[in-house]
Amino acid sequence: MDILRGFKDILPQEIKRWQKLEETARETLKLFGYKEMRTPLLEKTSLFSRGVGEATDIVEKEMYTFLDKGGESVTLRPEGTAGVVRAYINNHLENSPFRKFYYIGPMFRYERPQKGRLRQFHQIGVEAFGIQDSALDAEIVYIDKIMLDKLGLTDLRIEINNIGCPDCRPKYLKSLKSYFEKYKEKLCDDCKKRLNRNPLRILDCKNKTCKSIASNAPKIHEFVCDGCKTHYEAVKKNLIKIGIKFEENPHLVRGLDYYTKFVFEIITDKLGAQGTVSAGGRYDNLVEQLGGKPTPGIGFASGCERLIELMNYNEEQDIDYYFACMEDYTTCLKLAKELTDKSNKSVYVEYESRSLKSMMKKANKMNANFAVIYGENERKNGIVIVKDMKKSTQEEIKIEKFLENEVKRWQ
RNA sequence: GUGAGUAUAGCUCAGUUGGCAGAGCACCAGGUUGUGGCCCUGGGGGUCGUGGGUUCAAGUCCCACUACUCACCCCA
């Protein structure tokens, strides 16, 4: 029985990094008053087609969509924002004093897996509602950046761009299209298709010819409306003020339709082709689009697997007491149980009949601090042997004294 | 969906012009009859991805399929 393509088991040897990642995210977000939210993995398909955008790749070809037993079309969430917005509207959270949220959990996209890309992957996502001011944009970038700093990630760059709003972007797209139309014959096959579907994407093409044509293409800054322009300029000033370094990338495009005005990505070049570690931006029309009152929003999402790959790790095993029992497992269990009760130390009780030597080997591999030896001799004499694995010393303790002794040791 | 590469022990990988399937690590046991790490000795483990073909003989050559990896596309 094989695991599905693009799905992955996360094993104990890797789990410490996951826990550290989640812990760091929760701590950081708590500092800024963000509250955790958990929304369903499964939603109505229409939430995503309306939220993410009918014409996006995600909706067109990457969703895990099926009919449930009631005949309703449902979809495993391909991203987190749509679900949070739905929950925000459904639960009337506009009346809550807290309108800043985060989530951590799996997302699903039916894509061909490669380095840094899986069909089930995890995101830490952050969403904030109801604030139009550009200071919030800066806060969002700051939180993202500081979280990555706390994880010990280096060599990251932040790229930002202004992608306009539904008022001004169409004008830009139109001009872009007519510009590329002139060079249509020279563009690569992919870009010929993009010309009608999404001319913004041509700006991002890696083909040399397309690149040089794109370098002279009209710039969005010449087309954005006053509102978008003012906002974007203000975000830049705010970022500078709070000491966030960034680069402007006029070719930065987001793949989801709901983004407006300010967008950003945090990128590494250590991950191969999928170097975007975090990305986000403003979505001032999404709440309304999904049936809520007009409410501005902004957020970002980080790819957990990508972050984890960048985290340097020293995963140590951590067992405090390895109980090497040769008989009477129940007595060992009782000792171990009492020890955890009174001391909070971790124990591992060996119930498998093995040689003492093999048990000591195992204790060593588990990096146990102490081995408690209990066999025939100990039982007869009413003692246990407590061996300090680090110092290689051991002593015999009366079994009634064991608990008291060990509790004292850690005080 | 497209392209390229890879597939041999639990893991990482050798395997020459086609000629008895190997190493390191891991695991188990012994050396030390009840004591880990270092060392020494031994052991268990393989439909050589699957199916066909060529050949006296295929891990090796040919074909098909499948899986994985990377890249495109796209994205966290």
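Computed values, structure above
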item: Selection count where residues are more than 16 Å from RNA strand B (Cβ to nearest atom) and on the phi > 0 side of the Ramachandran plot, scope segment A:327-361; result: 1
item: In segment A:102-115, the residues that are open to solvent by less than 30 Å² (accessible area, probe 1.4 Å) and under 23 Å from A:Met63 (Cβ atoms); result: A:Tyr103, A:Gly105, A:Pro106, A:Met107, A:Phe108
item: Candidate set: segment A:247-276, residues that are of a type in the set (A, V, I, L, M) and under 26 Å from A:Gly130 (Cα atoms); chosen: the one nearest to the chain's Cα centre (by Cα); result: A:Ile266
item: Candidate set: segment A:256-271, residues that are out of contact with any strand residue (DSSP E or B) (no Cβ under 8 Å at 6 or more places or on another chain) and under 20 Å from A:Lys206 (Cβ atoms); chosen: the one surrounded by the most Cβ atoms within 10 Å (Cβ to Cβ); result: A:Lys270
item: Boolean, A:Thr45 is within 22 Å of A:Arg254 (Cβ to Cβ) and open to solvent by less than 10 Å² (accessible area, probe 1.4 Å); result: no
item: Residue ID - most open to solvent (accessible area, probe 1.4 Å), chosen from residues in segment A:272-290 that are near RNA strand B (Cβ under 8 Å from one of its atoms) and of a type outside the set (Ser, Thr, Tyr); result: A:Ala273
item: Subset tally (residues that are open to solvent by 70 Å² or more (accessible area, probe 1.4 Å) and either touching a residue at least 60 places away in the same chain (Cβ under 8 Å) or on the phi > 0 side of the Ramachandran plot (or both)) for segment A:196-236; result: 2
item: Failed criterion for A:Ile385 (all others in (1) assigned to a helix (DSSP H, G or I); (2) free of Cβ contacts under 8 Å to residues at least 60 places away in the same chain; (3) open to solvent by less than 40 Å² (accessible area, probe 1.4 Å); (4) under 16 Å from A:Tyr348 (Cα atoms) hold); result: (1)
item: Helices (runs of 4 or more DSSP H) enclosed by segment A:106-211 - at least 3 residues per element that are over 27 Å from the mean Cα position of the chain (by Cα); result: A:169-181, A:189-197
item: Search result, residues across segment A:291-309 that are buried (at least 19 other Cβ atoms within 10 Å of the Cβ) and more than 12 Å from the chain's Cα centre (by Cα); result: A:Gly292, A:Thr295, A:Pro296, A:Gly297, A:Ile298, A:Gly299
item: Filter result (in contact (Cβ under 8 Å) with a residue 40 or more places away in the chain and of a type in the set (Val, Ile, Thr)) within segment A:268-291; result: A:Thr268, A:Val277, A:Val287
item: Sole residue being in the same structural domain as A:Val52 (by TED's automatic domain parsing) and in a helix (DSSP H, G or I), chosen from A:Leu239, A:Leu252, A:Leu256; result: A:Leu239
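The values are calculated or read from the model by the stated rules, or taken from the named source; none is laboratory data. As the structure is a prediction and not an experimental result, all values here were calculated from the model. For neighbour counting, all protein chains shown are included, and Cβ atoms are generated from backbone atoms with ideal geometry for every residue, glycine included. SASA here: full protein model, heavy atoms, side chains in, ligands and nucleic acids out. Shrake-Rupley method; radii C 1.70, N 1.55, O 1.52, S 1.80 Å.
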